[in-house]
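Worksheet for the structure shown next.
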Amino acid sequence: MKNLRRLLLAGLSMLAVSAGGAYNYLFIGDSITDGNWGSPKGWPCPSEKRNAADQNHIYGHGYAEMTIGVLASENPDTAVRYFNRGISGNTLSQMADRWDKDALALDPDLVSVLIGINDVHEALKKGEEIDYSAWESKLDSLLTITQERKPDVRIMLGTPFTARVGKVGASSDYGRGLEMTRKLADIVRKVGARHGAAIVSYDELIGKLTADTTHVPASYWLWDGIHPTTQCHALMSRLWLEKYAEQVKEPQL
């Protein structure tokens with residue numbers, strides 16, 4: 001933990017200097033990232049209708065807030081601005097539709113993305129298959145235009161996940177949903193490698209946590225098969241920070 005802290009401190013200082021003292025970190029995705037940031041009213045609630053001034057809820061509640069808390073507290077003198085732009089219920093296409101205003105307009109120096117599980121549930125609900133080729137192309141396009149806008153941007157890609165827990169786990173089409181989720185996670189890894197992104201393998205983390213039920217049930221980590229509990233968010237944040245520290249130590253871009 002001490003080594004991780006030193007890397008975070010060194011990385012944040014280095015990035016702030018290279019950016020002239022101002023640096024923007026963006027977390028974007030669906031409800032797992034959202035965490036009700038900005039006290040949303042209605043569903044789904046767009047970013048512009050949220051309260052971005054309320055410091056009690058500005059980053060939401062979950063792995064994004066926990067991660068921002070560690071980064072910001074470890075080096076309070078570094079001028080880094082943090083943004084949560086997760087929107088509950090978003091598919092990749094819906095996130096792409098708002099990429100200009102919720103990502104590029106913020107001029108991010110680091111973009112952290114977690115998306116995919118809603119694509120799975122939309123497909124299951126419609127009795128359709130995901131167009132994996134189109135999904136890959138869309139994710140690739142978002143990262144391409146982001147890197148074209150800012151070549152030195154750092155990218156963190158989280159893999160989608162699910163587990164046989166709660167209403168999702170009890171569903172008759174859980175097996176098919178799991179297969180879809182795994183395929184999207186593989187695409188995330190593939191696209192991430194193409195763009196020099198750091199891959200945060202949440203699917204592997206959740207898989208290990210929910211496989212061992214000797215001491216605690218799987219619902220201790222995912223309460224409905226999709227959404228993490230507080231303790232699971234904490235481990236997701238820790239994994240994110242580990243991958244971030246590795247990228248800071250050995251920049252991939």
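The values are calculated or read from the model by the stated rules, or taken from the named source; none is laboratory data. Because the structure is a prediction, the values reported are computed rather than measured. Glycine gets a Cβ as well: all are built from the backbone with ideal geometry, and neighbour counts include every protein chain shown. Each accessible area value is taken on the protein alone, full model and side chains, heavy atoms only, with ligands, DNA and RNA left out. Shrake-Rupley method; radii C 1.70, N 1.55, O 1.52, S 1.80 Å.
This table checks each residue for (1) open to solvent by 80 Å² or more (accessible area, probe 1.4 Å); (2) within 20 Å of Ala123 (Cα to Cα); (3) assigned to a helix (DSSP H, G or I).
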position	(1), (2), (3)
Gly175	no, yes, yes
Met180	no, yes, yes
Asp186	yes, yes, yes
Val191	no, no, yes
Asp203	no, yes, yes
Ile206	no, no, yes
Thr210	no, no, yes
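Restricting Ser93, Ser141, Ser133, Ser88 to residues that are without any contact (Cβ under 8 Å) to a residue 40 or more places away in the chain and open to solvent by 10 Å² or more (accessible area, probe 1.4 Å) narrows the list to Ser133.
Note on segment 132-173: among residues that are assigned to a loop (DSSP other than H, G, I, E, B) and β-branched (Val, Ile, Thr), the one that is nearest to Asp107 (Cα to Cα) is Val153. Once segment 212-238 is narrowed to residues that are assigned to a helix (DSSP H, G or I) and open to solvent by less than 30 Å² (accessible area, probe 1.4 Å), the residue that is nearest to Ile32 (Cα to Cα) is His233. In this structure, is Gly225 without any contact (Cβ under 8 Å) to a residue 60 or more places away in the chain, more than 16 Å from the chain's Cα centre (by Cα) and on the phi > 0 side of the Ramachandran plot? No; evaluated as a whole, the condition is false for this residue. Could you go through segment 187-202 and let me know if any residue there is aliphatic (A, V, I, L, M), closer than 28 Å to Gln147 by Cα and free of Cβ contacts under 8 Å to residues at least 12 places away in the same chain. Yes, that holds for at least one residue.
Please work out if Tyr82 is of a type outside the set (Asp, Glu) and open to solvent by 40 Å² or more (accessible area, probe 1.4 Å). In short, no.
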